[in-house]
Amino acid sequence: MSAINRFLTEARISLRQNPCISPDFCLDFARLYDRLARSARVTHFEKSRFTVALGTFTLAEDEDGDCAWVLKSSREGAESVLEDGVALANDTYAFPATWQNLLTLKNLVQEHDPSSTIFPSASGTLQVQSLGVGARFTTLHWPAVEWAMSALGLSMTANQNSIPRELVYDVNAMLEGRLQGVPFPFIGAEVPEGHQGQSVEGMSHGAVLSKLKTGFHQRRIAWGFNADHQPVGGKYDAREAELVAGCLLSSYITFDLSPELSITPKQSDPLGWCAAQVPSKILDHVRARASGLGLYLDERALAELLCAVWPAVQKLQRRDRLYAEARRRAFSTPSGQAYFRELSIDELPGLTSPETLATMLALCEALDLRIHYVAPAFGFQKNFPFDDSAELERRVQGAWRICQAFGCSIGFHSGSGKSEENYRLCGRVTGSKLEIKTSGRYTYEMGRALAASSNEADRALWQDWHRFTRELAAASAFAADEQERSMARSFVLHALRSEGRSEDVFESERACREALSALSPSPDHMFWFEYNFLFVLAAGGRADKASLGDHTPAGYAQRARFYALSDEAQLLYAKNVALYLCFLAETTGQATALTCHTARERLSGISSYAALLADIAPA
């Protein structure tokens, strides 16, 4: 038994109440086999059925969340097609849902059917457009995303996570206490990496199983899994191997150059440094591409930019080769090995000029790095609309002219909370060849669902969640750190103003706490919106900073509360998420108004969570 599975077993953490921590989806195969043999306390997902050359597989799951692949085959060697197979009958075999078996199964599936959509893939319309659905705190949004993709007939990046910030990049590093801290200036503290508690392999595995349980794969709609903000260079050089291994099933990699950019020294003689360090054919290619676009590159400004980015771009190339090689070793088909690349350059100082954008794309092109999406800095603020439409259009048009020339789409980061006008403008300018990345919105929609639920346990969870953010906000509003204090007070004032309350609350921390406690809990309170994701792995639901991002049984007990939601809350949440995705699809032009209207009408007629799940697969 692996160390992570032993940890979960000894802590009595089941996959039913806490999925996606382990890369495996079976902790006790002996127990599961006994239940399968006795047909006791096991669910067979008939909609999961799919065929490979050797026979037909379905997915089975017991009451503890342990899963098995059940193969029906009369072919010789069927029992050994995956690891640890056992016979259930003369022509029926069961295999544990381990990470290794999943990788083998991907080859079996895609060798038999290269166009299969069971696994995330770099195919179809995802090459030029997508909606990036961030999984910022749990996996509970997956059925809603599957429903929306089904109803709209639209491919999406159905799971998007920053790694290692949000997901555990290596479960052994977690168990050994080697996860590093991630700075969160607005709370004046560091929170351990993987603050959601799930592993990247576990999320990859769980995303596939979710599509099979609901029968979404029968729709034959491609879907993506984005390993977002993959850090390149800097302190991450030492753990490249683990980052690459964990992202093996990701169909889409976002390269974040900021770790290397942050340690690259400024050169006193940029022109001389470039002449010595950057190959002349690279420089010639950059100049030629810029000239062809009618851009003037000042030689000194170009040299200064290259001094800053060339070391990072070289490391990007190295990392990309590692991703490609890992896929060639693991997967046997071109469709299984393919992945998209996004270049994130919104970490460079200031707004991204056309000259900088063209230079970065030309560098990648010269190094034979095919970029499918690029994320410039447009001046977006998280969760706020861009108020100046004329200026936004000018910026997007300038970037789109460059992107068209390089055959890539625009990735809009910090995409949540923009106005309908913003989304329509971005869709119109780019001809819908874009991706809108959203994340915080789906946590917000969970807050709305819990607040609206009539279930007592749901409402208790909502009250605790809001209390947690109030306590964080009040404590941070009186912190010694100026940035933490300033941001917390702005969040508090925003909530008080929205409800017409007195803003004279900073005489003491006690006065602030009392003012916030007097508010009726609302997901629209800014302090709740900003702090809410930290609640999911807060040991005991406590708001003290030492309890945040707790990868012990205490933290996972907190996370389990979300997986105990009522069907009422899950339906409310799923509808909220699906409606938001319909809104994004329509306003960005990725689906027609009629298609989205029809989907909303269909959603309004669904009255139970079971009915929503049943509506995902084709009739």
>> Would the range 319-472 count as rounded, prolate or oblate if I go by the C-alpha gyration tensor, calling it rounded below 1.5 in a/c and otherwise prolate when a/b exceeds b/c, oblate otherwise?
In response: oblate
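Rounded, prolate or oblate: which one fits the range 218-303, using the alpha carbon gyration tensor with axes a ≥ b ≥ c (rounded when a/c is under 1.5, else prolate when a/b beats b/c, else oblate)? Please list the in-between numbers first.
Values: a/c = 3.33, a/b = 1.60, b/c = 2.08.
Taking the square roots of the gyration eigenvalues as a ≥ b ≥ c, the range 218-303 is oblate.
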> Among Pro376, Ala405, Ala460, whose Cα sits farthest toward the positive end of the charge dipole of the range 374-522 (+1 at Cβ of Lys/Arg, -1 at Cβ of Asp/Glu, about the Cα centre)?
Replying inline: Ala405
>> Of Met446, Thr430, Ala390, which is farthest towards the positive pole of the range 368-447's charge dipole, taken about the Cα centre with +1 and -1 on the beta-carbons of Lys, Arg and Asp, Glu respectively?
In response: Thr430
> How big is the gap, in Å, between the Cα center of the range 585-605 and the Cα center of the range 313-375?
Replying inline: 33 Å
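What does the charge count near Gly431 come to, summing +1 for each Lys or Arg and -1 for each Asp or Glu among other residues with Cβ under 15 Å from its Cβ? Present the calculation step by step, with values, prior to reporting the outcome.
On the way: positive: Arg401, Arg424, Arg428, Lys433; negative: Glu393, Glu435.
With Lys, Arg at +1 and Asp, Glu at -1, the neighbours total +2.
Once you've got the Cα coordinates, tell me which of Lys213/Lys315; Lys211/Lys575; Lys47/Lys575; Lys106/Lys575 are over 28 Å apart.
On the way: Lys213/Lys315 40 Å; Lys211/Lys575 18 Å; Lys47/Lys575 22 Å; Lys106/Lys575 31 Å.
Flagged as over cut-off: Lys213/Lys315; Lys106/Lys575.
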>> Tell me the relative contact order for the range 205-356 as a rounded percent, counting alpha carbon contacts under 8 Å between residues six or more apart.
In response: 31 percent
> Put Tyr609, Tyr573 in order of accessible area, largest first, 1.4 Å probe: what do you get?
Replying inline: Tyr609, Tyr573
> In percent, how large is the relative contact order of the chain, given Cα pairs closer than 8 Å and 6 or more residues apart?
Replying inline: 16 percent
> Which whole number of Å³ per residue matches the convex hull of the alpha-carbon atoms in the range 402-536?
Replying inline: 153 Å³
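How many times 2.2 N^0.38 Å is the alpha carbon radius of gyration of the range 398-474?
Details: Rg = 18.8 Å, N = 77, 2.2 N^0.38 = 11.5 Å.
Relative to the rule-of-thumb radius for its length, the range 398-474 sits at 1.64.
How large is the Kirkwood hydrodynamic radius of the chain, counting all unique pairs of alpha carbons, in Å? Mind showing how you got there, number by number?
Details: mean 1/r = 0.0391 Å⁻¹.
Evaluated on the chain, it is 25.6 Å.
How many percent of the accessible area of the range 186-248 is carbon or sulfur, using a 1.4 Å probe?
Values: 660 of 1350 Å².
The nonpolar share, carbon plus sulfur, comes to 49 percent.
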> Considering only the other residues whose Cβ falls under 14 Å of the Cβ of Arg300, what net charge follows from Lys and Arg at +1 and Asp and Glu at -1?
Replying inline: -3
> About its Cα centre, how strong a charge dipole does the range 337-440 have in debye, to the nearest 20, once Lys and Arg get +1 and Asp and Glu get -1 at the Cβ?
Replying inline: 240 debye
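Can you compute the helix-only [θ] at 222 nm over the chain? Use -39500 (n - 2.57) per DSSP H run of at least 4 residues, normalise by all residues, nearest 500 deg cm²/dmol. Please report the intermediate quantities before stating the final value.
Details: 24 runs with 286 residues, N = 619.
Only helices count here, giving -14500 deg cm²/dmol.
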>> Please compute, for the alpha-carbon atoms of the range 498-619, the extent along each of the three principal axes and give them in descending order in Å.
In response: 58, 40, 26
> Under a straight-distance cross-link criterion of Cα-Cα below 19 Å, which lysines are reachable from Lys418, leaving out those fewer than 8 residues away in the same chain?
Replying inline: Lys382, Lys433, Lys437
> So what is the relative contact order for the range 156-266, in percent, with contacts set as C-alpha pairs under 8 Å and at least six apart?
Replying inline: 32 percent
> Any idea of the accessible area per residue across the chain, 1.4 Å probe, to the nearest Å²?
Replying inline: 38 Å²
>> What whole-number distance in Å separates the alpha-carbon centres of the range 142-165 and the range 9-68?
In response: 23 Å
> Over the Cα atoms of the range 1-146, how large are the radius of gyration and the largest Cα-Cα distance (Dmax), in Å?
Replying inline: 16.4, 49
> Given +1 on the Cβ of Lys and Arg, -1 on the Cβ of Asp and Glu, and no further charges, what dipole in debye does the chain carry about its Cα centre, rounded to the nearest 20?
Replying inline: 960 debye
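So what's the net charge close to Glu193: Lys and Arg +1, Asp and Glu -1, counting the other residues with Cβ under 11 Å from its Cβ? Could you put the intermediate results ahead of the total?
Working: positive: Arg165, Arg178, Arg239; negative: Glu166, Asp170, Glu190.
Charge balance in the 11 Å sphere: 0.
The values are calculated or read from the model by the stated rules, or taken from the named source; none is laboratory data. Keep in mind it's a predicted model, so treat the numbers as computed, not measured. With ideal geometry, Cβ positions are generated from the backbone for all residues, glycine too; neighbour counts draw on all protein chains shown. Keep in mind that these areas ignore ligands, DNA and RNA; they rest on the heavy atoms of the full protein, side chains included. Shrake-Rupley method; radii C 1.70, N 1.55, O 1.52, S 1.80 Å.
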